[in-house]
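Data first, discussion second: the structure below is written as structure tokens.
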Amino acid sequence: MAALESVQRLDFSTRSHVRDVEVVRREFGARAPVLVETVRLRRKSVVKFPDGQRRLFTDDALQQATPTVVARHRARRLAGRMVHDITCSVGAELDALVPVCPTVLGSDLDPVRLAMAAYNVPGAALARADALTPCSRNTVVLADPGRRADGKRTHDPNRLQPPLPALLDTYCGRDLVVKCAPGLDFGALDWSGEIEVVSLDGGVREACLWSAGLSENVRRRATMLSSAGRATTLTDADPDDIPIREPGEWIIDPDGAVVRASLVRHYAARHGLWQLDPRIAYVTGNAVPAGVRGFRVLARLKFAEKALCQELSRLDAGTLEILVRGVDVDPDALRKRLKLRGTRPYALVVTRIGDAATVFVCEPGAQNPGSQNPCA
């Protein structure tokens, strides 16, 4: 710890990196690589962990570790329960669970990660165990299978570590929570509980499977979190009746958690909006919900590059934000082909309405400055 404190005082900037590494080598010899690596990971970790400068990590463990805001959200749902994190790694989930759960057990096969977890979370009980060998009773089982196979990230449930089907079989009948990548094919899962998709500050971070005993009679949930501590939830138990109308004055791209959880209709119903097309995730209306970014429609065109070019020239377009859904268009390639020479910023929403590829020319995206809660 004293060595780490000494090394953390060094800058390791682009200019000083070689010199700083040499200083560490002279002072700490063979320990230099692990000291430099730990300092590098601690500095990188602050994006996920406000207190990352006090923790220990491996590179792979940090990449997969749950951000503090997301871990605390999950812990609130498990408050008061005895929880066993069977893939505890360096303890990111344990740290959120210990303050709100009477008993918290962490287990992992990797002795180095367990040692790091013991340092990071002094209040957790730890054991070295295989995730597919149950070693606790009467606990909620929490798992975060590894998502790398042969050195590459995988979305194949059978190639996770441990494999997802084996994990579900092993703990069949137990209260179970499984953190997954948001790109997982939910349709291919034989899952009778809840699928929760979580975003943080607008970016989708994970999907989480909650067994039936923990799911509150909900099958799909979108949870939108912010680093400032706000949390908003939408579920398939919410109303989803929306009108069929022509596009309104505004187009809104819902939070990715809403889209991945297939709750676009529910989102639209909550805010008095409707869909551009039943198969497309863009919603539209004549007002933008508080705290949400919307695109005010200036023109609607059949998607044809020549006509679009003429319209953008007339508008003196110089820069474009391009959103695409339902049409095979590469935004960067389209932007180059349009050869803009104007001075004003605009946005394009390229999508499909019925069988027709359609483009909306819009004002740059603007957020309604009301409540910053994206689903209030």
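Going by the conditions given, is residue 264 closer than 23 Å to residue 230 by Cβ, in contact with a Phe, Trp or Tyr (Cβ under 7 Å, 6 or more places away or on another chain) and not assigned by TED's automatic domain parsing to the domain that holds residue 219? Steps first, please.
Numbers: closer than 23 Å to residue 230 by Cβ: yes; in contact with a Phe, Trp or Tyr (Cβ under 7 Å, 6 or more places away or on another chain): no; not assigned by TED's automatic domain parsing to the domain that holds residue 219: yes.
Answer is no for this residue.
Can you tell me how many residues within the stretch 352-367 are part of a loop (DSSP other than H, G, I, E, B) and touching a strand residue (DSSP E or B) at 6+ places or on another chain (Cβ under 7 Å)? Step through it out loud before you land on a result.
Residues of the stretch 352-367 part of a loop (DSSP other than H, G, I, E, B): 354-355, 363-365.
Then drop every residue that is not touching a strand residue (DSSP E or B) at 6+ places or on another chain (Cβ under 7 Å), which leaves 363-365.
Total satisfying the criteria: 3.
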Have a look at 214, 301, 308 and point out the one that is assigned by TED's automatic domain parsing to the domain that holds residue 67, in contact with a helix residue (DSSP H, G or I) (Cβ under 8 Å, 6 or more places away or on another chain) and either within 30 Å of residue 340 (Cβ to Cβ) or touching a residue at least 60 places away in the same chain (Cβ under 8 Å) (or both). 214
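For the stretch 179-227, give me every one of the strands (runs of 3 or more DSSP E) that falls completely inside it and has 3 or more residues that are closer than 16 Å to residue 264 by Cα and over 10 Å from the mean Cα position of the chain (by Cα).
On the way: elements: 194-200, 203-210, 220-225.
Hits in the stretch 179-227: 220-225.
Being surrounded by 21 or more Cβ atoms within 10 Å (Cβ to Cβ) and not β-branched (Val, Ile, Thr) is the filter here; which residues of the stretch 286-307 pass it?
Within the stretch 286-307, the first condition is being surrounded by 21 or more Cβ atoms within 10 Å (Cβ to Cβ), and the residues that meet it are 288-289, 292, 294-295.
Result: 289, 294, 295.
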For the stretch 340-351, which residues satisfy the criterion of being surrounded by fewer than 16 Cβ atoms within 10 Å (Cβ to Cβ) and in a strand (DSSP E or B)? 344, 345
Within the stretch 220-238, which residues are surrounded by fewer than 18 Cβ atoms within 10 Å (Cβ to Cβ), closer than 16 Å to residue 77 by Cα and at pLDDT 95 or above? 233
What do you reckon, is residue 172 touching a Pro at 6+ places or on another chain (Cβ under 8 Å) and either more than 20 Å from residue 111 (Cα to Cα) or surrounded by 15 or more Cβ atoms within 10 Å (Cβ to Cβ) (or both)? no
Please go through the stretch 191-210 and pick out each residue that is within 16 Å of residue 164 (Cβ to Cβ) and either hydrophobic (A, V, I, L, M, F, W, C) or outside the structural domain of residue 175 (by TED's automatic domain parsing) (or both). 191, 195, 207, 208, 209, 210
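Please find, among 247, 254, the residue that is surrounded by 17 or more Cβ atoms within 10 Å (Cβ to Cβ), assigned to a loop (DSSP other than H, G, I, E, B) and either free of Cβ contacts under 8 Å to residues at least 12 places away in the same chain or touching a Ser or Thr at 6+ places or on another chain (Cβ under 6 Å) (or both).
Values: 254 fails: either free of Cβ contacts under 8 Å to residues at least 12 places away in the same chain or touching a Ser or Thr at 6+ places or on another chain (Cβ under 6 Å) (or both).
Going through 247, 254 in turn, the sole match is 247.
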Enumerated helices (runs of 4 or more DSSP H) restricted to the stretch 56-129, each holding at least 3 residues that are over 16 Å from residue 210 (Cα atoms) and without any contact (Cβ under 8 Å) to a residue 60 or more places away in the chain: 59-64, 92-97, 111-120
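The values are calculated or read from the model by the stated rules, or taken from the named source; none is laboratory data. Keep in mind it's a predicted model, so treat the numbers as computed, not measured. Methodologically, a virtual Cβ is constructed for each residue, glycine included, from the backbone with ideal geometry; neighbour enumeration extends over all protein chains shown.
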